[in-house]
Structures are given as C-alpha cells and as structure tokens.
Amino acid sequence: MTETGLTHWTSTNTGVTNRSGFYALPAGDFRSIVNLFLDAGSYALFWSSSELDTYYTTYRYIIGGNTKLWRSNMDKTIAISLRCVQN
C-alpha cells in the first residue's frame, strides 16, 4: 500500500507490490500542538470507521521500511489523515 523509492517516504519499503492500487502517502503521526504533523515521511496513519466508544476509535498505520499494515486505537480528538472511500 506504499510506493517504492524515496519520493515521499524517508525509507524504502522492500518487497512492495501495491496489489491494492492504493498509494499511502506518509503525512506523519498525529498533529502536534503547534499544528505540525510529526515524522512526516515516516508514517501514514488513517482513521477507520470502527468506533470503540464515544471517545476512542480504531486507526490503521504504515511505517516506512515495513510492508505490514498495523492497527491500533486512538482518542478521537487527535488529528490524523482521513481517506474517503466511495461504496
């Protein structure tokens, strides 16, 4: 789900095939208190539609140099990337 090379990522992802056709761009971690996205070029985080409760939801993320798609939970007030998908 990432592109090969170092155009947008700070480390290359070996073994990338991109069978999904979606290229995740590394906007970085969540937005900091001074409105900067931390670690831009190293991480791509995306909200999921899976809500846990009123305050927490699930998100997916990709780490540069790794071919895995990770999953975790985060407070909904944190600012990270959003990808809209049409059904």
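The values are calculated or read from the model by the stated rules, or taken from the named source; none is laboratory data. Keep in mind that this is a model prediction, so the values were computed, not measured. Because the Cβ atoms are built from the backbone with ideal geometry, glycine has one as well, and the counts that use them run over all protein chains shown. Surface areas here come from the heavy atoms of the whole protein model, side chains and all, with no ligands, DNA or RNA. Shrake-Rupley method; radii C 1.70, N 1.55, O 1.52, S 1.80 Å.
Output the residues belonging to the range 67-81 that are open to solvent by less than 50 Å² (accessible area, probe 1.4 Å) and modelled with pLDDT under 85.
A79, I80, S81
Do we have S72 as more than 12 Å from the chain's Cα centre (by Cα), over 24 Å from T7 (Cα atoms), part of a strand (DSSP E or B) and not hydrophobic (A, V, I, L, M, F, W, C) here? Give the derivation first.
Working: more than 12 Å from the chain's Cα centre (by Cα): no; over 24 Å from T7 (Cα atoms): yes; part of a strand (DSSP E or B): yes; not hydrophobic (A, V, I, L, M, F, W, C): yes.
It is false that S72 is more than 12 Å from the chain's Cα centre (by Cα), over 24 Å from T7 (Cα atoms), part of a strand (DSSP E or B) and not hydrophobic (A, V, I, L, M, F, W, C).
Can you pull out every residue in the range 51-66 that is open to solvent by less than 70 Å² (accessible area, probe 1.4 Å), touching a Phe, Trp or Tyr at 6+ places or on another chain (Cβ under 9 Å) and either modelled with pLDDT under 75 or not β-branched (V, I, T) (or both)?
Within the range 51-66, Y59, Y61, G64, G65 qualify.
So for the range 45-63 (the condition being in contact (Cβ under 8 Å) with a residue 24 or more places away in the chain, in a loop (DSSP other than H, G, I, E, B) and of a type in the set (S, T, Y)), does at least one residue qualify?
No; the residues of the range 45-63 include none that is in contact (Cβ under 8 Å) with a residue 24 or more places away in the chain, in a loop (DSSP other than H, G, I, E, B) and of a type in the set (S, T, Y).
Could you figure out which of (1) free of Cβ contacts under 8 Å to residues at least 40 places away in the same chain; (2) more than 15 Å from W9 (Cβ to Cβ); (3) among the hydrophobic types (A, V, I, L, M, F, W, C) isn't true of M74?
M74 satisfies every listed condition except (1).
Can you find even one residue in the range 24-37 that is at pLDDT below 80, over 11 Å from T2 (Cβ atoms), in contact with a Lys or Arg (Cβ under 8 Å, 6 or more places away or on another chain) and open to solvent by 60 Å² or more (accessible area, probe 1.4 Å)?
Yes, the range 24-37 contains a residue that is at pLDDT below 80, over 11 Å from T2 (Cβ atoms), in contact with a Lys or Arg (Cβ under 8 Å, 6 or more places away or on another chain) and open to solvent by 60 Å² or more (accessible area, probe 1.4 Å).
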